[in-house]
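Reviewing the structure listed below.
The values are calculated or read from the model by the stated rules, or taken from the named source; none is laboratory data. In this text, all values refer to a predicted model and were calculated from it rather than measured experimentally. Every residue, glycine as well, gets a Cβ built from its backbone with ideal geometry; the counts of neighbours run over all protein chains shown.
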Amino acid sequence: MNGAVGIFAIAAVYLQLNHADILKDLRKEDGLLESATAIFYFTASGLFLEACRHYRFRNPWCWGYAIMFFMVAAEEISWGQRLLGFATPAALQQINVQNEFNVHNIVGIHENVRLAGLIVILVICFILPVTNASIPEARVFYQRLKLPVCPIHAMGVVIIAVTFMAYPRWILGRIIPNLDEVGEFLLSVGLLAFAAAEYSCVRGRLNRAKGAAAVG
């Protein structure tokens, strides 16, 4: 997966430097990148919900991730506004910077949503997996809580994703919408890998338990 992501990232940089109009077309509203991002988050939400089902719906962490990823996906497509063809309420139009039916573009939230998202990603995709891998006591604690931990292999994807969004802001001092959208897409890829890994792990444990019970 990381190899494919690397190739995609190089291609995106090439397009931005040489054919930015093509990348702009790919990242437009309801375009390929935005639609794929929403689909990946919806899929990640479904995988965590399925993992939660295997826990007999008693794992609050899986519930939390399922709900969070569903909301991110829905926000990405403005809760299906353009797909369903409904208008933005007048009251929301006045406070939404893009006149869309979503929360993350509301004045006061729009300016801080990326920082808040970065903090969440830092915890989910870096602090938890690194401490899980390097501190035995932390690993035991997470296992006791039945806390899903992002796999190390997904961290590379997330690092690339964050770089696409952070480099223009922190190094170049400006926002590049094309690269922002590429970063958001790659972030959805990394978090989908997290959801798939957790689902596979939960299902594997259940299958092993069933096998042991059958032998016993």
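Matching residues to (1) part of a helix (DSSP H, G or I); (2) surrounded by 17 or more Cβ atoms within 10 Å (Cβ to Cβ); (3) of a type in the set (S, T, N, Q); (4) under 16 Å from the mean Cα position of the chain (by Cα):
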| residue | (1), (2), (3), (4) |
| --- | --- |
| ALA36 | yes, no, no, yes |
| SER45 | yes, yes, yes, yes |
| PHE57 | no, no, no, no |
| GLY64 | yes, no, no, yes |
| MET68 | yes, yes, no, yes |
| GLY80 | yes, no, no, no |
| LEU83 | yes, no, no, no |
| ALA87 | no, no, no, no |
| ALA91 | yes, no, no, no |
Practice prompt. Can you run down the residue pairs with Cβ atoms below 7 Å, 6 or more apart or on separate chains, where the first is in segment 70-84 and in contact (Cβ under 8 Å) with a residue 24 or more places away in the chain and the partner is hydroxyl-bearing (Ser, Thr, Tyr)?
Written response: PHE70/SER45; VAL72/TYR41; ALA73/TYR41; ALA73/SER45; GLU76/THR37; GLU76/TYR41
Worksheet entry | Subset tally (residues that are in contact with a helix residue (DSSP H, G or I) (Cβ under 6 Å, 6 or more places away or on another chain), at pLDDT 95 or above and not in a loop (DSSP other than H, G, I, E, B)) for segment 136-154 | 3
Item to complete: Read through the list (1) within 29 Å of LEU15 (Cβ to Cβ); (2) at pLDDT below 90, then give the number of the only condition that GLY108 fails.
Response: (1)
Worksheet item: free of Cβ contacts under 8 Å to residues at least 40 places away in the same chain, among the acidic types (Asp, Glu) and over 17 Å from GLY183 (Cβ atoms), is that true of ASP21?
Response: yes
Discussion item. Test of understanding: among PHE194, PHE185, which residue is outside any loop (DSSP other than H, G, I, E, B), touching a Ser or Thr at 6+ places or on another chain (Cβ under 7 Å) and surrounded by 13 or more Cβ atoms within 10 Å (Cβ to Cβ)?
Written reply: PHE185
Worksheet entry | Cβ-Cβ under 8 Å pairs, at least 6 apart or on other chains, segment 26-38 side under 14 Å from LEU15 (Cβ atoms) and in contact (Cβ under 8 Å) with a residue 60 or more places away in the chain, far side of a type in the set (S, T, N, Q) and surrounded by 13 or more Cβ atoms within 10 Å (Cβ to Cβ) | ARG27/ASN178
Response to the item:
Reported set for segment 93-123 where residues are touching a Ser or Thr at 6+ places or on another chain (Cβ under 8 Å) and part of a loop (DSSP other than H, G, I, E, B) is ASN99, GLU100, PHE101, ASN102
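Every residue, every condition in (1) within 21 Å of ILE175 (Cβ to Cβ); (2) at pLDDT below 95; (3) among the β-branched types (Val, Ile, Thr), yes or no:
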position: GLY3; (1), (2), (3): no, yes, no
position: GLY6; (1), (2), (3): no, yes, no
position: ALA12; (1), (2), (3): yes, no, no
position: ILE22; (1), (2), (3): yes, no, yes
position: GLY31; (1), (2), (3): yes, yes, no
position: PHE40; (1), (2), (3): no, no, no
position: THR43; (1), (2), (3): no, no, yes
position: GLY46; (1), (2), (3): no, no, no
position: ARG56; (1), (2), (3): no, yes, no
